[in-house]
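Peer 1: Questions regarding the structure given below will be posed in turn.
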Amino acid sequence: MKVYCCFSLYNLYIAVAKAMVQNEKIDLVIGSQMPDYKNKIETIKSLDFINDIYVFDSVDYKNIKYKNTFDKIVNRKNYENKYINTKLKIDWTKYKDNIFLFNDFEILGWYFVNNQIRYHLIEDGLNFFKYFNKYYQVNKVDYDINSLKVRLKNKLNIGHRAFGTNQYVIDIEVNDKNGLAIDRENIIEKPRKEINDKLTLQQKKLIYGIFCKQKIINNNCNKTLLLCTQPLSEDGQLQNLEQQMQIYEDIIKEYTGMGYTITIKPHPRDKADYSNLCEKYNCLYIDKYIPTEVLNYDDSVFYDLALSITTTAIETLEFVRERKYLGFEFLGRYK
């Protein structure tokens, strides 16, 4: 039995698609940081290939209270182990080498390393390992497996070792090996398109039904644009939500001026309310809890242009004529 540890709707989508393609039953561990996770659990729990579903609070660990710095240094592992053992009643040994984790830079990944539990690491988002260091401003010494810092941590078996830098990572699965910020011998390439292409029409309809609860409106206009947002303030890219709203209003204003009818597709973690912008600029809207990739399964959807700042979600879209990234340089204008 395999277990997939998921923290986002994209993670869940990939886990479900893999189970379908490989025709196997799976267990799921779902972190509470996954948007809309309660509704998704209700939808998938009756599927015949879903076995046990474990849910845990994957956020509250940030409130662990240490007595002082010395206590944190000496007893950190004990605090983290107690947290997971309290939240998740799982005998991890039953999975042997069949644990699949999408995110090893937070509490569950730390727990696996603390307890020398082997796991397969799957990129957290599409092509995550191509951009994570720049987007999240991660220092190279923390993800370079050959850095002195990482080698010492592995030698002494101490500290947090994320992004596949520890000795308990069996392999790292990515969509595309080209242009990665990390360099590992255990990287394996499994293109998401290959998984998608192996899904039957019936399986695609089932996935669409799991994630998409609204009728996608696609006006028959001369020029249509899909704008995929990002939780820029939530991720620390901007100082506040007001800045984020200003960025997207500037984008919408510019492209409506070019004659585009815009559909806004917020990121699942995006907390911004775009209803005023939709009303002001006559924009359409797609539910943020629908993974963008799932829109491929709706034959009626098509856009002339898919636009994002840096999110890679638009790379997998098959129903667009052109894709455009505004890039980190554009984002830098607002910092």
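Peer 1: Find the residue count for segment 238-249, including only residues that are of a type outside the set (D, E, K, R), surrounded by fewer than 20 Cβ atoms within 10 Å (Cβ to Cβ) and part of a helix (DSSP H, G or I).
Peer 2: Total meeting the criteria: 4.
Peer 1: So which pairs qualify, if the first residue must be in segment 274-288 and modelled with pLDDT under 95, the second must be assigned to a loop (DSSP other than H, G, I, E, B) and surrounded by fewer than 12 Cβ atoms within 10 Å (Cβ to Cβ), the Cβ gap must be under 6 Å, and the two must be at least 6 apart or on different chains?
Peer 2: From residues that are modelled with pLDDT under 95, the pairs are Leu284/Ile217; Asp287/Gln214.
Peer 1: Any residue in segment 153-181 that is in contact (Cβ under 8 Å) with a residue 24 or more places away in the chain sitting within a Cβ distance under 6 Å of a residue that is buried (at least 17 other Cβ atoms within 10 Å of the Cβ) and of a type in the set (Asp, Glu)? List the pairs, counting only those 6 or more apart or interchain.
Peer 2: Ala162/Asp104; Val174/Glu123
Peer 1: I would also like to ask the following. Quick one: in segment 245-270, of everything that is free of Cβ contacts under 8 Å to residues at least 40 places away in the same chain and among the hydrophobic types (A, V, I, L, M, F, W, C), which residue is farthest from Leu305 (Cα to Cα)?
Peer 2: Filtering segment 245-270 for residues that are free of Cβ contacts under 8 Å to residues at least 40 places away in the same chain and among the hydrophobic types (A, V, I, L, M, F, W, C), the one farthest from Leu305 (Cα to Cα) comes out as Met245.
Peer 1: Sticking with this one: Which one of the conditions (1) assigned to a loop (DSSP other than H, G, I, E, B); (2) crowded, with 19+ Cβ neighbours inside 10 Å does Ile252 fail to meet, given that it meets all the rest?
Peer 2: (1)
Peer 1: Just one of Gln244, Gln230 is at pLDDT 90 or above and touching a Leu at 6+ places or on another chain (Cβ under 6 Å); which is it?
Peer 2: Working: Gln230 fails: touching a Leu at 6+ places or on another chain (Cβ under 6 Å).
Exactly one residue qualifies, and that residue is Gln244.
Peer 1: Here is a follow-up. Provide a single number: the residues in segment 131-153 that are crowded, with 17+ Cβ neighbours inside 10 Å and either more than 26 Å from Lys2 (Cβ to Cβ) or aromatic (Phe, Trp, Tyr) (or both). Steps first, answer last, please.
Peer 2: Taking segment 131-153 first, the residues crowded, with 17+ Cβ neighbours inside 10 Å are 131-133, 135, 142-145, 150, 153.
Checking the rest, the ones that are also either more than 26 Å from Lys2 (Cβ to Cβ) or aromatic (Phe, Trp, Tyr) (or both) come to 131-133, 135, 142-144, 150, 153.
The total comes to 9.
Peer 1: Among (1) closer than 30 Å to Leu284 by Cβ; (2) buried (at least 18 other Cβ atoms within 10 Å of the Cβ); (3) not acidic (Asp, Glu), which single condition is Ile172 missing?
Peer 2: (1)
Peer 1: Related question: Would you say Ile182 is outside the structural domain of Lys324 (by TED's automatic domain parsing), part of a helix (DSSP H, G or I) and surrounded by 13 or more Cβ atoms within 10 Å (Cβ to Cβ)?
Peer 2: Details: outside the structural domain of Lys324 (by TED's automatic domain parsing): yes; part of a helix (DSSP H, G or I): no; surrounded by 13 or more Cβ atoms within 10 Å (Cβ to Cβ): yes.
Here the answer is no, as Ile182 does not meet what is asked.
Peer 1: Answer yes or no as to whether Lys62 is free of Cβ contacts under 8 Å to residues at least 24 places away in the same chain and of a type outside the set (A, V, I, L, M, F, W, C).
Peer 2: Working: free of Cβ contacts under 8 Å to residues at least 24 places away in the same chain: yes; of a type outside the set (A, V, I, L, M, F, W, C): yes.
For Lys62, the condition - free of Cβ contacts under 8 Å to residues at least 24 places away in the same chain and of a type outside the set (A, V, I, L, M, F, W, C) - is met.
Peer 1: Sticking with this one: For segment 255-271, how many residues meet the condition of being closer than 18 Å to Asp235 by Cα and surrounded by fewer than 21 Cβ atoms within 10 Å (Cβ to Cβ)?
Peer 2: Residues of segment 255-271 that are closer than 18 Å to Asp235 by Cα, as a first pass: 265-271.
With surrounded by fewer than 21 Cβ atoms within 10 Å (Cβ to Cβ) added as a condition, the list becomes 268-269, 271.
Within segment 255-271, residues that are closer than 18 Å to Asp235 by Cα and surrounded by fewer than 21 Cβ atoms within 10 Å (Cβ to Cβ) number 3.
Peer 1: Please state which one of Lys62, Lys87 is loosely packed, with under 11 Cβ neighbours inside 10 Å and either within 19 Å of Tyr208 (Cα to Cα) or assigned by TED's automatic domain parsing to the domain that holds Thr200 (or both). Explain how you work it out, then say what you get.
Peer 2: Details: Lys87 fails: loosely packed, with under 11 Cβ neighbours inside 10 Å.
Selected residue: Lys62, the only one of Lys62, Lys87 that is loosely packed, with under 11 Cβ neighbours inside 10 Å and either within 19 Å of Tyr208 (Cα to Cα) or assigned by TED's automatic domain parsing to the domain that holds Thr200 (or both).
Peer 1: When the residues of segment 15-54 are narrowed to those that are among the β-branched types (Val, Ile, Thr) and farther than 22 Å from Asp287 by Cβ, which ends up surrounded by the fewest Cβ atoms within 10 Å (Cβ to Cβ)?
Peer 2: Ile53
Peer 1: State which residue pairs qualify: first residue not assigned by TED's automatic domain parsing to the domain that holds Gly179 and inside segment 134-151, second residue not small (Gly, Ala, Ser) in any location, beta carbons under 6 Å apart, and separation of 6 or more residues or different chains.
Peer 2: none
The values are calculated or read from the model by the stated rules, or taken from the named source; none is laboratory data. Nothing here was measured: the structure is a model prediction, and the numbers come from that model. Because the Cβ atoms are built from the backbone with ideal geometry, glycine has one as well, and the counts that use them run over all protein chains shown.
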